[in-house]
Amino acid sequence: MSGHGTLSRPDTEVRLGGRGRAVRLGVTAVCALLVVAGTLVGQDDDFPFGPFRMYSTTDDISAPVASTRLEAIDTTGRRFRLSDGMTGMRRAEIEGQMSRFRADPALLGGLAEAYDDRNADRPPLARIEIIIRHFDLDAGRPTGRYTDTLDTGWDAS
Amino acid sequence: MRLFDAVPLGRLAAFRTLVYLFVPIDLLLTTNWVLQHKDVPGDLYLPLLLGRVLPLPTPTYALTVGIFAALLVASVVAATGRAPRLLGTAVFLLYLEWMVIAMSYGKVDHDRFGFLVALAVLPTVGRARWGDLTRSEAAGWALRATQFAVVATYFFAAWAKLRFGGLDWLTGATLTRAVLRRGTFLSDWVVDYPGLLVGFQFFIVAFELTSPVVLFLAYRWQQRAIGALYAFHLMTYAAITISFLPHCVAMASFLPLEKVRPLVWLSRYRAADPAPPAAART
């Protein structure tokens, strides 16, 4: 498949027909319009044409920075940090569904199930907590202080 | 800068191989968390508009692992250049479903618009051999469309910052927050210099808003600008371990890839070897 230049014809040009050009021009224009519309009024839901909003929110220079984590207690009473790899769900995804977890903490039970499936050799989970750590900022500079708050908890019944 | 400027088919062939070989790397390394959704219960699946309209099924263990395996095989075969239209279309559709599985659990990433456009347009070109210098308008459009998508990612990212963050984004603590949450030993010190981070926020918006200029630059300056963009992503990775790697692969659509001939170099190297093992045996 590599070819060694025997078929190369640098002086020749394979051109597109009128229809080929028209279709490509149309597709390019439609996609451009979708990207503009997505950026103007779209949301993440409109992927892949939603707004490119990575790091697009403004954070107050002196408001505390929040960092979310999951902690779990297993049936032996051991408490540990529940990492992304233990459940299959990423931290940012937990944050993205935070309002659902608050409204219905039983959804955390699904994460306990996922943990038990993925860690069959370990004791099952008795409790999961969503904990938010607020790093204190002073004029944009971390003061070294932080506070941890329990946001939502779920107990296996 | 024209939409249908012809480029060597060899450039398209090399870009196609790069894009399709990146798919297994993406599956196994850079976004290996997607496969981990196989164990997440269906009630945590919040399908994107795309997933609701089509409508795509709620991912199960079997579906997620099945798409993963099919995509792995299809992309590796497609990287050889065989059946470019059929395999290219299959890889595009499988990857799109893979993205729905990736982004439907509460977080949408924005690092691969250019890569998705590359996967969408590559099957339109048909046969293209490595090293072929024959120029083709179809290949030119495919690479140009990918370049548009790469540049659009920067330009519209600045627009989104102004829409969601407002002008205050420039002087806010967004980068401080990013480093506090994802910083590395290379970047943790900068949080003590908020002025530096605010300055960098101005720089980011300025370069994103002016990025379309790259499309109109003369060749030599365009190559330098692309080099600078790769350096920016390397620095971002060192500072907050976010790689935008699929975007960086798509950005290779700007490079003269027809000159990259690993198989030819290998055979020349072998031919130049004074005592190749095969010859010694005869």
Among the residues of region A:72-95, write down those that are assigned to a helix (DSSP H, G or I) and either of a type in the set (Gly, Ala, Ser) or more than 14 Å from every other protein chain (Cβ to nearest Cβ) (or both). A:GLY85, A:ALA92
Give the residue that is nearest to A:ALA139 (Cα to Cα), with candidates limited to residues of region A:72-86 that are surrounded by fewer than 15 Cβ atoms within 10 Å (Cβ to Cβ) and either touching a Gly at 6+ places or on another chain (Cβ under 8 Å) or among the small types (Gly, Ala, Ser) (or both). A:SER83
Residue by residue through region B:39-74, note down the ones that are among the aliphatic types (A, V, I, L, M) and part of a loop (DSSP other than H, G, I, E, B). B:VAL40, B:LEU46, B:LEU48, B:LEU54, B:LEU56
Limited to region A:116-151, what total is found for residues that are over 30 Å from A:ASP104 (Cβ atoms) and surrounded by 14 or more Cβ atoms within 10 Å (Cβ to Cβ)? 5
Residues in region B:55-90 that are open to solvent by 20 Å² or more (accessible area, probe 1.4 Å) and either among the aromatic types (Phe, Trp, Tyr) or within 23 Å of B:GLN36 (Cβ to Cβ) (or both) total 16
Filtering region A:101-112 down to residues that are part of a helix (DSSP H, G or I), surrounded by fewer than 16 Cβ atoms within 10 Å (Cβ to Cβ) and free of Cβ contacts under 8 Å to residues at least 24 places away in the same chain yields A:ALA103
Given the criteria facing chain A (nearest Cβ under 8 Å), in contact with a helix residue (DSSP H, G or I) (Cβ under 7 Å, 6 or more places away or on another chain) and of a type in the set (S, T, N, Q), does B:THR146 qualify? no
Looking at region B:149-177, which of the residues that are open to solvent by less than 60 Å² (accessible area, probe 1.4 Å) and among the hydroxyl-bearing types (Ser, Thr, Tyr) is farthest from the other protein chains (Cβ to nearest Cβ)? B:TYR154
Residues located in region B:124-148, provided they are aromatic (Phe, Trp, Tyr), surrounded by 23 or more Cβ atoms within 10 Å (Cβ to Cβ) and in a helix (DSSP H, G or I): B:TRP141
Residue hits (region A:10-26; open to solvent by 80 Å² or more (accessible area, probe 1.4 Å) and over 13 Å from B:TRP141 (Cα atoms)) are A:ASP11, A:GLU13, A:ARG19
Report, by residue number, each residue of region A:37-71 that is open to solvent by 50 Å² or more (accessible area, probe 1.4 Å), more than 7 Å from every other protein chain (Cβ to nearest Cβ) and free of Cβ contacts under 8 Å to residues at least 40 places away in the same chain. A:LEU40, A:VAL41, A:GLN43, A:PHE49
Those residues of region B:1-33 which are over 29 Å from A:THR12 (Cα atoms) and not in a helix (DSSP H, G or I) amount to B:THR31, B:ASN32, B:TRP33
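Results for (1) touching a helix residue (DSSP H, G or I) at 6+ places or on another chain (Cβ under 8 Å); (2) closer than 20 Å to B:GLY140 by Cα; (3) without any contact (Cβ under 8 Å) to a residue 60 or more places away in the chain, shown as yes or no for each residue.
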site	(1), (2), (3)
B:LEU209	yes, no, yes
B:VAL214	yes, yes, no
B:LEU217	yes, yes, yes
B:ARG220	no, yes, yes
B:ALA231	no, no, yes
B:THR241	yes, no, yes
B:MET251	yes, yes, no
B:LYS259	no, yes, yes
B:ALA271	no, no, yes
Can you work out which of the residues in region B:196-229 that are under 21 Å from B:TRP159 (Cα atoms) and of a type in the set (Ser, Thr, Tyr) is least open to solvent (accessible area, probe 1.4 Å)? B:SER211
Scan (1) open to solvent by 40 Å² or more (accessible area, probe 1.4 Å); (2) more than 30 Å from B:TRP159 (Cα to Cα); (3) away from every other protein chain (no Cβ under 13 Å); (4) modelled with pLDDT of 95 or more for the single condition B:LEU93 breaks and write down its number. (2)
Number of the exception - B:GLN36 against (1) open to solvent by less than 10 Å² (accessible area, probe 1.4 Å); (2) part of a helix (DSSP H, G or I); (3) more than 19 Å from B:ALA250 (Cα to Cα): (1)
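The values are calculated or read from the model by the stated rules, or taken from the named source; none is laboratory data. What you see is a predicted model, and the numbers here were worked out from it, not measured in a lab. Don't worry about glycine lacking a Cβ; one is built from the backbone with ideal geometry, like all the others, and counts go over all protein chains shown. Note: accessible area is taken over every heavy atom of the protein model, side chains too, but ligands, DNA and RNA are not part of it. Shrake-Rupley method; radii C 1.70, N 1.55, O 1.52, S 1.80 Å.
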